[in-house]
Each structure stands twice: as structure tokens, then as C-alpha cells.
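To start, the structure itself, in C-alpha cells.
Laboratory data are not the source of any read-out in this text; all were calculated from the coordinates shown. Here the structure is a predicted model, which is why all the values come from computation and not from measurement. Heads up, the Cβs are rebuilt from the backbone with ideal geometry, glycines too, and the neighbour counts pull from every protein chain shown.
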């Protein structure tokens, strides 16, 4: 029997179709693909978030006692200093702790979405855990701090080659082999393009921010997708 799969999403985020929030949308897609006969995954969600939720996972609620605005300021300004000096980020750990406690003891696999500081807590609770990185989470980490935070992770998942490279640069060599790429997918049936007359012109639409942090300008890895990208 497959081990129970649990998703930790950012505290205060909504696992709801009302928002279209990026990380919960990915978790929804993964949960929707659960094979028939396997138990539905668990998504750990802060109590008080939108009551209308995706129905493809079992919801476990917890009380998020720290206001998001205060937690955000502490994690932005205080935690990087603590990380460089002490090797740990107390505000981020404190914010993640209620969600980790709600996930129970080590009876399954936990995917920590954009929550590197939850990995040591999950490891201490006996979970097999993986950091699922949707963004460059380690930009302010030293190699020493990244090692202390992620040593207990069985895998470090990146959603693109560019992000995998960026994360690897902040990791000690012994952890770089744990980085793997799982690209975000799309339902090809739901978003199927209508048939069109081939007039020799290809129109490309892009929705998103064209910024270096998204890998928009360059990548050290060769193109691995279908077709050949062109400029213009």
C-alpha cells in the first residue's frame, strides 16, 4: 500500500478554487491525479481560510496564531540575520510549526511547498519529507544554513531547470544530487487549442512576469521541451 501523501502549503493560503493561487493550484493538480484505489492525499490548511475548497484531498485544519503580516516582516528582515549567525530562522520555524504538528507523526510522505524551514521539524517528527520549491527559496541562505535546513529532506523538487540550477548554487555539494525537476503540467484536454489553418505564422501568448528570477533571459541548461524556441 502506498504511504499517505501530505501537502503542506504556505500558512494562511487558501486551498480553494476561489483564488487561483499558484501553489494550491499545483497541489490541486497533483491531488486530482491520484490513482484510483489509492487514498486521497491530505492538505494541511490554516483554519479560517476559504471554506469552499477543492474536493480532491482530505483537509486537515490547524490554528495559525501568527498574523501573516507580522510573520512576513520577521521572516524578511530578522530571519536572514539569524540564519547567517545561528544557522536557523526562528520566525519561519515558528510559523511552520502548527502545520507540521497538524500533519501528525511519521506515517507518510510530506511535501513541504515553499517551506524549507519546515523540513527540520518534519524530520524530527519522523516524516519522510521533500521540499517542493516553486520559487528561489534559498537566495538569502548560505551553503551552511541550507545544509542545516535541508539535510533531512529526501528530495528537493524544483519546477524548472532554471530553478534547479539556482537552488543547487546555494546547496553544499552533497545535497545537490537530491535536486530533481518536476515541471508544472497542464490538462491538455481542458486547454486544448482549437484547430487553425496553417498559414506559416506562429502566434505565442505568454502569461506571467518576464523577469530573470523566472529564467526568462537565460538558462545554463539546454532546452528540453517540445519544439525549438525562437525569439521575437
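Working out 0.36 nm times the residue gap between residue 76 and residue 183, then minus their Cα-Cα distance, what length gain in nm do you get to one decimal?
Between residue 76 and residue 183, full extension yields 35.8 nm more.
Cut-off 10 angstrom, C-alpha nodes, Gaussian network model of the chain. Which of 201, 42, 179 fluctuates the most?
Evaluated over the chain, the most mobile residue of the options is 201.
Need one number: % antiparallel among DSSP beta bridges in the chain, to the nearest 5. Intermediate results must be reported in sequence, preceding the final value.
On the way: 0 of 26 bridges.
DSSP beta bridges in the chain are roughly 0 percent antiparallel.
With a 10 Å Cβ neighbour count serving as the proxy for reagent exposure, in which order, fewest first, do 50, 62, 162, 15 appear? Numbers along the way, then the final one.
Values: 50 13, 62 17, 162 21, 15 26.
Ascending Cβ contact count within 10 Å gives the list 50, 62, 162, 15.
When only C-alpha pairs under 8 Å and at least 6 residues apart count, what is the relative contact order of the range 4-187, in percent? Write down the numbers at each step before the final one.
Working: 342 pairs, mean separation 33.7, N = 184.
It comes to 18 percent, rounded to a whole number.
Quick check: residue separation of residue 105 and residue 32 times 0.36 nm, minus the Cα distance between them. What number comes out in nm? All intermediate terms of the calculation are to be shown ahead of the outcome.
Details: separation 73, 0.36 × 73 = 26.28 nm, distance 2.48 nm.
Extra length available between residue 105 and residue 32 comes to 23.8 nm.
Let me make sure I get this right: for the range 1-129, a, b and c are the square roots of the gyration tensor eigenvalues over alpha carbons, sorted descending. Under 1.5 in a/c it's rounded, otherwise prolate if a/b > b/c, else oblate. Which is it? Before the final figure, lay out each step's value.
Values: a/c = 2.25, a/b = 1.44, b/c = 1.56.
Taking the square roots of the gyration eigenvalues as a ≥ b ≥ c, the range 1-129 is oblate.
Taking Cα atoms, how many degrees apart are the long axis of helix 90-102 and the longest axis of the chain, rounded to 10 and kept between 0 and 90?
90
Tilt of helix 22-32 relative to the longest C-alpha principal axis of the chain, in degrees (0 to 90, nearest 10)?
Roughly 80 degrees between the two axes.
Cα atoms only: what Rg and Dmax, in Å, come out for the range 1-69?
Calculated on Cα positions, Rg and Dmax stand at 12.2, 41 Å.
Calculate the spin-label point distance for residue 151 paired with residue 88, positioning each point 7 Å from the Cα along the beta-carbon direction, and give it in nanometres.
Placing both labels 7 Å along Cα→Cβ, they lie 1.2 nm apart.
When a/c reaches 1.5 or more, the comparison of a/b and b/c decides; with that in mind, is the range 54-188 rounded, prolate or oblate per its Cα gyration tensor? List each step's numbers first, then the result.
On the way: a/c = 1.41, a/b = 1.02, b/c = 1.38.
Rounded, because the longest to shortest axis ratio a/c is under 1.5.
Restricting to DSSP H runs of at least four residues, report the calculated mean residue ellipticity at 222 nm for the chain, -39500 (n - 2.57) per run over all residues, nearest 500 deg cm²/dmol.
-7500 deg cm²/dmol
Taking a ≥ b ≥ c as the square roots of the eigenvalues of the Cα gyration tensor of the chain, is the shape rounded (a/c under 1.5), prolate (a/b larger than b/c) or oblate? Each step should come with its number before you reach the end.
Values: a/c = 1.75, a/b = 1.28, b/c = 1.36.
It is oblate, given that a/c is not under 1.5 and a/b is not larger than b/c.
Enter the angle in degrees (range 0 to 90, nearest 10) between the Cα long axis of helix 161-170 and the first principal axis of the Cα atoms of the chain, meaning the one along which they spread out most.
Helix 161-170 sits roughly 30 degrees off the main axis of the chain.
So how much slack lies between residue 190 and residue 124, counting 0.36 nm per residue of separation and subtracting their Cα-Cα distance, in nm? Before the final figure, lay out each step's value.
Details: separation 66, 0.36 × 66 = 23.76 nm, distance 4.12 nm.
Between residue 190 and residue 124, full extension yields an extra 19.6 nm.
For a quick check: sort 156, 59, 211 by the number of other beta carbons within 10 angstrom, fewest at the front.
Working: 156 25, 59 16, 211 9.
The fewest-first ordering by Cβ neighbours comes to 211, 59, 156.
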